[in-house]
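Q: Just passing along the structure, written as structure tokens.
The values are calculated or read from the model by the stated rules, or taken from the named source; none is laboratory data. Worth saying up front: this structure is predicted, and the values here are computed from it rather than measured. Quick reminder, even Gly has a Cβ in these numbers, built from the backbone with ideal geometry, and neighbours come from all protein chains shown. These area figures cover heavy atoms from the full protein model, side chains too; ligands, DNA and RNA do not enter into them. Shrake-Rupley method; radii C 1.70, N 1.55, O 1.52, S 1.80 Å.
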Amino acid sequence: MYSPTLESMRPHIVPRLRVGAMALALLLVCALAQAQAPVLPAMSARSWLLMDVTANHLIAGFSQEERVEPASLTKLMTAYVVFQAMREKRVENDQNVSVSEKAWKTGGSKMFIEPNKKVSVSELLHGMIVQSGNDAAVALAELVGGSEDAFVRRMNEAAKRLALTNTSFANASGLPDPKNYSTAYDVALLTSALIRDFPEQYELYRVKEYRYNNITQPNRNRLLWLDANVDGVKTGHTEKAGYCLVASAKRGERRLLSVVMGTASDSARIQESQTLLNFGFQFYDTVRVHERNAVIAKLRLWKGTENEVGVGIDSPVFVAIPKGTNDKIKADLVSQQPLVAPITKGQRVGVMKISYDGRQMSEYPVIALGDVVQASFFGRTWDTVRLWFK
């Protein structure tokens, strides 16, 4: 699967990817002609974007690189770092946590944990993700990092690894702080990484309500009730940030992600998020161009025991394009020449350039799908002579 390592993305520009185990960064440039792209209805959000997560393409956006206060969208990174700790077995889901005075006193939205009373990691995750509890976020940060400050350093380290170049975290909860900022684009990349890297834990984001300490609170993402395709993700709100929402919906193998920042009301963030998702599903297709590790060509090979080697791409290749325009997609293989044995399975031997309507859209590394050893001395010598005349 794709693994965004993530560079800056402007309208119709997609981030860099690590493709499979090769971890090769690639710049994807969406080349949809402006005249052909469907037009979105007017949006009131301060910044917004719509991304096709399956194809890893930005469909549309507005001011998506503008720095804004992320509010409780900060908890997406808090969750990401906690999930990493769980994967590394440093934290267990059923592990009990003692609630500190600091966590208990944290202002804003709460799950209503109590000081010096044990609560499980599972309960804290539900409290932070479903109920958006700031107290739960701080309790988890103290557990994983030893202190909230130490945990925040891990958050910022993770942001650098994911190349969230316009993001900084000052706390685990998203409470207002001048050093707590992000962009719609970075939030989309973070959310995509969370969905990709932690699919099992991501299921928490579809939970509609949670009860703790005899208090039942609904998930603030009302799209979970309004659209059966929506399975997350997170709301945020402060006076300065306005009403924010990251929403993701999946139909078949297609997953779209919308980010809406700075609307005037809860109803506006819901309406505009729904508009973006509907627009993407209605007017765009996610087209599979190549299968993972399928032979896309056999390249001439010199000085090897075989004269050809099968090549392919170690991830499925998708593109997001306006519906009914599949005929405008073109894939061109540019290979290394001459290609000389030995060749190792997984070795990069070229690049596949995907274009749309004559404009470059994306690039993927092409790899050898098998090993080819060197030929005998006579075979190598004969091919050397032939190459002199080629």
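Q: So which of Ser122, Ser98 is more than 18 Å from Val246 (Cα to Cα), of a type in the set (S, T, N, Q) and either modelled with pLDDT under 95 or touching a Ser or Thr at 6+ places or on another chain (Cβ under 9 Å) (or both)?
A: Result: Ser98 is the single residue among Ser122, Ser98 that is more than 18 Å from Val246 (Cα to Cα), of a type in the set (S, T, N, Q) and either modelled with pLDDT under 95 or touching a Ser or Thr at 6+ places or on another chain (Cβ under 9 Å) (or both).
Q: Applying the selection to the range 254-269, what residues are within 23 Å of Ser182 (Cβ to Cβ) and either acidic (Asp, Glu) or open to solvent by 10 Å² or more (accessible area, probe 1.4 Å) (or both)?
A: Arg255, Gly262, Ala264, Ser265, Asp266, Ala268, Arg269, listed by residue number.
Q: Also, quick follow-up: Looking only at the range 274-292, count how many residues are out of contact with any helix residue (DSSP H, G or I) (no Cβ under 9 Å at 6 or more places or on another chain) and not in a strand (DSSP E or B).
A: Qualifying residue count, the range 274-292: 9.
Q: Turning to a different aspect of this structure: Among the residues of the range 120-131, which ones are under 18 Å from Gly174 (Cβ atoms) and either in a helix (DSSP H, G or I) or open to solvent by 70 Å² or more (accessible area, probe 1.4 Å) (or both)?
A: Leu124, Leu125, His126, Gly127, Met128, Ile129
Q: Follow-up. Do we find that Arg206 is at pLDDT 95 or above, surrounded by fewer than 20 Cβ atoms within 10 Å (Cβ to Cβ) and out of contact with any Asp or Glu (no Cβ under 8 Å at 6 or more places or on another chain) in this structure?
A: no
Yes or no, residue by residue, for (1) open to solvent by less than 20 Å² (accessible area, probe 1.4 Å); (2) modelled with pLDDT of 85 or more:
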residue	(1), (2)
Thr344	no, yes
Val349	yes, yes
Ile354	yes, yes
Asp357	no, yes
Met361	yes, no
Val373	no, yes
Ser376	no, no
Arg386	no, no
Lys390	no, no
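Q: Can you name every one of the strands (runs of 3 or more DSSP E) wholly within the range 44-119 that holds 3 or more residues which are closer than 29 Å to Leu162 by Cα?
A: 47-52, 57-62
Q: Moving on to the next point. Go through the range 167-187 and give me each residue that's out of contact with any Leu (no Cβ under 6 Å at 6 or more places or on another chain) and open to solvent by less than 40 Å² (accessible area, probe 1.4 Å).
A: Listed by number, the residues that qualify are Thr167, Ser168, Phe169, Ala170, Asn171, Ala172, Ser173, Gly174, Asn180, Ser182, Thr183, Tyr185.
Q: Six or more apart or on different chains, Cβ atoms under 9 Å: show the pairs whose first residue is in the range 108-129 and at positive phi and whose second is surrounded by 21 or more Cβ atoms within 10 Å (Cβ to Cβ) and in a helix (DSSP H, G or I).
A: Gly108/Ser72; Gly108/Asn134; Gly108/Asp135; Phe112/Gly127; Phe112/Asp135
Q: Report, by residue number, each residue of the range 348-389 that is of a type in the set (D, E, K, R) and in a loop (DSSP other than H, G, I, E, B).
A: Of everything in the range 348-389, those that are of a type in the set (D, E, K, R) and in a loop (DSSP other than H, G, I, E, B) turn out to be Asp357, Asp371.
Q: Okay, moving on. Here is a check on your reading of the model: is Val230 closer than 30 Å to Met352 by Cβ and touching a residue at least 12 places away in the same chain (Cβ under 8 Å)?
A: Considered against the rule, which asks whether it is closer than 30 Å to Met352 by Cβ and touching a residue at least 12 places away in the same chain (Cβ under 8 Å), Val230 comes out as no.
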